[in-house]
Amino acid sequence: MSLEPTTVRPDAIAEQLRASIIAQQDAPGSAVTESAVAVRFGVARPTARLAIERLVSEGILRREPHQAARVPVLGPDDIRDLFEARAIIESAAVAALRSVPVDARHSGDSAADDIAFHRALVAGQPNQRLTRMHDLLLGEIELCIGQVHAEQLLSATDVADQHQRILDAVIAGDAEGAARLAREHIELARDALLERTSRG
């Protein structure tokens, strides 16, 4: 017999767990077990298992064979590789935009807002393969953006200003400028994370 209401779905638990991980409430390296998730959210273990599996598939969690899932610890090489891939994809995406996507027009100052802004920029351009490539990296991107915000590695005001400059370049039809600004914006976040990592 299920211990949970039939309305509780694994996707809902996964989203709550994702938000907690992005906010650094579940620290990098910490284990995320089925039993702990079941107790934490008041659900049955099969529901907890499905929620964890979803986040593993998205890169928000990692799991080695016969071990509990863990929040990834991204080292310097991981960060460099991820942000280089991001810069390539996102600069190409903004260069291809012909107008500002609706979902990118109202950028707040939270990690969720930041993530939504970048997703909207990529999703708003016409090359769906580019969007799918970005989606493959999105879990790790979310982890990094979450850390930047949780530890205030960059000023929220500066981030918002950089977002607006990218949008202004898109509005002006300056594809080259938009691509350059997107790359610079991503590189600033990369450098902040690398500096934080070097401090241990």
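Worth pointing out:
- Meets criteria (free of Cβ contacts under 8 Å to residues at least 60 places away in the same chain and farther than 26 Å from V56 by Cα) for D158: yes
- Residue in the stretch 47-60 that is assigned to a loop (DSSP other than H, G, I, E, B) and either more than 20 Å from R180 (Cα to Cα) or outside the structural domain of T157 (by TED's automatic domain parsing) (or both) present: yes
- From the options A179, A169, A104, residue that is buried (at least 20 other Cβ atoms within 10 Å of the Cβ) and touching a Gly at 6+ places or on another chain (Cβ under 6 Å): A169
- In the stretch 111-153, the residues that are surrounded by fewer than 16 Cβ atoms within 10 Å (Cβ to Cβ) and in contact with a Lys or Arg (Cβ under 7 Å, 6 or more places away or on another chain): E151
- Only a single item in (1) surrounded by fewer than 19 Cβ atoms within 10 Å (Cβ to Cβ); (2) modelled with pLDDT of 95 or more; (3) hydrophobic (A, V, I, L, M, F, W, C) is not met by L97, and it is number (1).
- Residue in the stretch 32-42 that is modelled with pLDDT under 95 and part of a loop (DSSP other than H, G, I, E, B) present: yes
The values are calculated or read from the model by the stated rules, or taken from the named source; none is laboratory data. Source: prediction; values computed, not measured. We place every Cβ from the backbone using ideal geometry, glycine too, and count neighbours over all the protein chains shown.
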